[in-house]
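The values are calculated or read from the model by the stated rules, or taken from the named source; none is laboratory data. This one's a predicted model, so the numbers in the text were calculated from it and none came from an experiment. Cβ atoms come from the backbone with ideal geometry, glycine included; neighbour counts cover every protein chain shown.
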Amino acid sequence: MKNKKMLIIIAVVVGVVALFVVLGVTFSVHEADVTFFCSDGSKYIVPQSELNPPSADDVLGLAKGKSVFALNKKQLMGELNKKYHGWTAVGVVIGFPNKINVYFVYSEVCAKVATATAEVYIDANGNIVEHRDGVNCIDISSAFNSKTVVSTTVGTELNFGNSADNQRLGQVLQAISGMWQLQVDYDQMPEVFGTSGVFTFDDMGDMHIAVKKTATIVIKSPADGEDIASRVIKGFSVYFKADDNLQTSGVVITVTKDGRITTEGK
C-alpha cells in the first residue's frame with residue numbers, strides 16, 4: 001500500500017513538472033515583430049535602411065526563450081535603446097502564446113543640455129541620442145539647478161539624480177512639445193527662442209519661456225492644472241496675434257494653471 005501511494009505521489013510530481021515544462025516552452029518567446037513610428041508617434045512608417053532600424057531578429061536575439069509572463073519589458077527596451085541609438089523603444093506588446101511586438105519611435109534631437117562632464121543631446125522622450133551633423137536645437141541647461149547626471153551614455157534616459165530637476169526636465173519637454181505642435185520644428189526653435197537661456201524657473205516654481213529678444217511667457221504652477229503643452233499653445237497663440245502687437249521686449253504673457261491668460265508690459 002505504501003509503495004502504491006509513493007508511486008501515485010511520484011506520478012503526480014512528474015506530471016506537474018511535465019506540465020510546467022510544456023507551459024514554459026509554449027509561453028516562451030519564439031517570435032518577434034517590430035513596428036516603427038515617426039518622431040511624434042502619430043503615424044506608422046517604413047524606415048529607410050540608412051536609418052539602421054532594429055530588426056525582428058535583433059529583438060529576438062535579446063528576448064528569445066524568456067517567459068512572456070515574466071518578461072521585463074522595461075529592461076528589454078533599455079537594452080534595445082542602448083544598442084540602437086537612432087530609435088527609441090517605447091512599448092512592448094505580448095502576442096500569446098509566444099510572440100512580442102516592440103514599438104519604436106524615431107529619435108529626433110529636440111534639445112541639448114550641458115552637464116558637468118559633457119554636452120548631451122536628447123529626444124522628445126528625454127533619452128540621450130547621438131548628435132547628427134547639421135542638426136540645430138535649443139540649449140535647455142538654464143532650466144536646471146544641477147549639472148550632475150547619472151549617465152551621459154547614448155541610449156539611456158537623462159537623469160539628474162534629483163527629483164526637482166527630473167521634474168523640470170519633464171515639464172520642459174512638455175513645453176517643447178507644445179512649441180512643436182505650433183509648427184515650430186526642433187531645428188527652427190533657436191531662430192524663434194534663441195540658442196540658450198530659453199527656459200528658467202523662478203522661486204515659486206513657475207516656468208519662464210524667453211522668446212528671442214521679445215516677450216516672456218510664464219507658465220504658472222506647471223506641476224498642477226491644465227497640461228503644459230496646452231498652456232504653451234495658448235500663450236503663444238496670444239503672442240503671435242498680429243493685432244495685439246505683443247512681440248515686444250518687456251511683454252510678459254502669463255498662463256495660469258487653469259489656462260487663463262493675462263498680459264503685462266504692452
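Computed quantities for the displayed model
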read-out: Residues within the stretch 131-172 that are among the hydroxyl-bearing types (Ser, Thr, Tyr), more than 28 Å from Glu191 (Cβ to Cβ) and free of Cβ contacts under 8 Å to residues at least 40 places away in the same chain, tallied; value: 4
read-out: Test: residue in the stretch 135-144 that is over 25 Å from Ile233 (Cβ atoms) and either in a helix (DSSP H, G or I) or out of contact with any Gly (no Cβ under 6 Å at 6 or more places or on another chain) (or both); value: no
read-out: Residue in the stretch 236-243 that is farther than 21 Å from Ala111 by Cβ, without any contact (Cβ under 8 Å) to a residue 24 or more places away in the chain, assigned to a loop (DSSP other than H, G, I, E, B) and in contact with a Ser or Thr (Cβ under 9 Å, 6 or more places away or on another chain) present; value: no
read-out: Residue in the stretch 74-89 that is assigned by TED's automatic domain parsing to the domain that holds Glu50 and of a type in the set (Asp, Glu) present; value: yes
read-out: Number of the exception - Leu246 against (1) within 25 Å of Phe104 (Cβ to Cβ); (2) assigned to a loop (DSSP other than H, G, I, E, B); (3) in contact with a helix residue (DSSP H, G or I) (Cβ under 9 Å, 6 or more places away or on another chain); value: (1)
read-out: Hey, Ala215 farther than 29 Å from Leu76 by Cα, surrounded by fewer than 17 Cβ atoms within 10 Å (Cβ to Cβ) and of a type outside the set (D, E, K, R) or not; value: no
read-out: Members of the stretch 96-122 that are modelled with pLDDT of 90 or more, part of a loop (DSSP other than H, G, I, E, B) and crowded, with 21+ Cβ neighbours inside 10 Å; value: Cys110
read-out: Residues of the stretch 27-59 that turn out to be surrounded by 13 or more Cβ atoms within 10 Å (Cβ to Cβ) and modelled with pLDDT under 75, as a count; value: 4
